[in-house]
Amino acid sequence: MLRRVSSEFPDPVPPTCQGLPGSISPGAPTADPADGTLPIGPTRILRYRLDTPLLDVIGLSCLLRIKHPAPTVSSSLRILQLGDAFDLGLEPLTTRQALIRVKLQRVVHDLGQLPTPSTRFTELRLDWHTSGKTFLRVDGRLVGYHDRLGRNHRLSIEEVTFGSDTGAPAAQYQLDEFSVRVLLSRPRWPRRHTTVVRRP
């Protein structure tokens, strides 16, 4: 059974979510009036807290459309955090490339690279299963694979967060839309949940 949380980015109101019960934390960024996207950075954090945490998560499928307009990634930049156990972010590499880094249960893995700066929105997709198999795609192209990432681990997700409270002022990106699907091991829960934020 699929459950959906959706949001539009009206100008200039912060996003509102419907579907899977939860709430957006105060101080969420407002949409850019030029293109309806959300600027995410150290002082612009989008955090959606679920009313009921998702427990025993054994699979994830995250799809994001982002743009990093700065010439380079000069410091760590968190893109997405799910609960306390999963992070997806960018790390400095070269003047034209950034590392795509995944941290799961405090273990760090560099899975691929992202060209910088972004002149258009890039689609990132990460699929993970507790078997350890992990796939990273950029604009539909497979750029990274790991066969033992977080093997036999189960996650708990209390909130979905974009951005970080810390970081350099230049560590920013633009969020166009995202979806997060999770696979749960407990049969008494709906087995899949979807969280989607999109602009009109």
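All of the numbers you see were taken from the coordinates with simple rules; none came from a lab. Keep in mind that what you see is a predicted model, and the values were worked out from it rather than measured. Cβ sites come from the backbone with ideal geometry, for glycine too, and all protein chains shown count toward neighbours.
Tabulated values for the structure
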item: Net lengthening on full extension, residue 23/residue 118 (0.36 nm per residue, minus Cα-Cα); result: 31.1 nm
item: Amide N proximity, the range 121-135 versus residue 107 label position 7 Å along Cα-to-Cβ, cut-off under 17 Å; result: 127-135
item: Amide proton proximity set for residue 22, modelled H, under 5 Å, gap of 5+; result: 51
item: Sequence-distant residues sharing a close amide H with residue 131 (under 5 Å, placed H); result: 152
item: Nitroxide proxy distance, nm - points 7 Å out along Cα→Cβ at residue 97 and residue 51; result: 4.7
item: Relative contact order (%) - the range 67-128, alpha-carbon pairs under 8 angstrom, separation at least six; result: 32
item: Using θ = phi - 60° and Karplus 6.51 cos²θ - 1.76 cosθ + 1.60, couplings along the range 147-154 (whole Hz; Gly, Pro as x); result: 9, 9, 6, x, 4, 6, 8, 10
item: Peptides 149-155, 160-166 ordered by average Cβ neighbours within 10 Å, highest first; result: 160-166, 149-155
item: Restricting the range 59-98 to trypsin sites (Lys or Arg not before Pro) in coil, as DSSP defines it, with at most 15 other Cβ within 10 Å; result: 96
item: Cα-based shape type of the range 38-147, given that a ≥ b ≥ c are square roots of the gyration tensor eigenvalues and the cut on a/c is 1.5; result: oblate
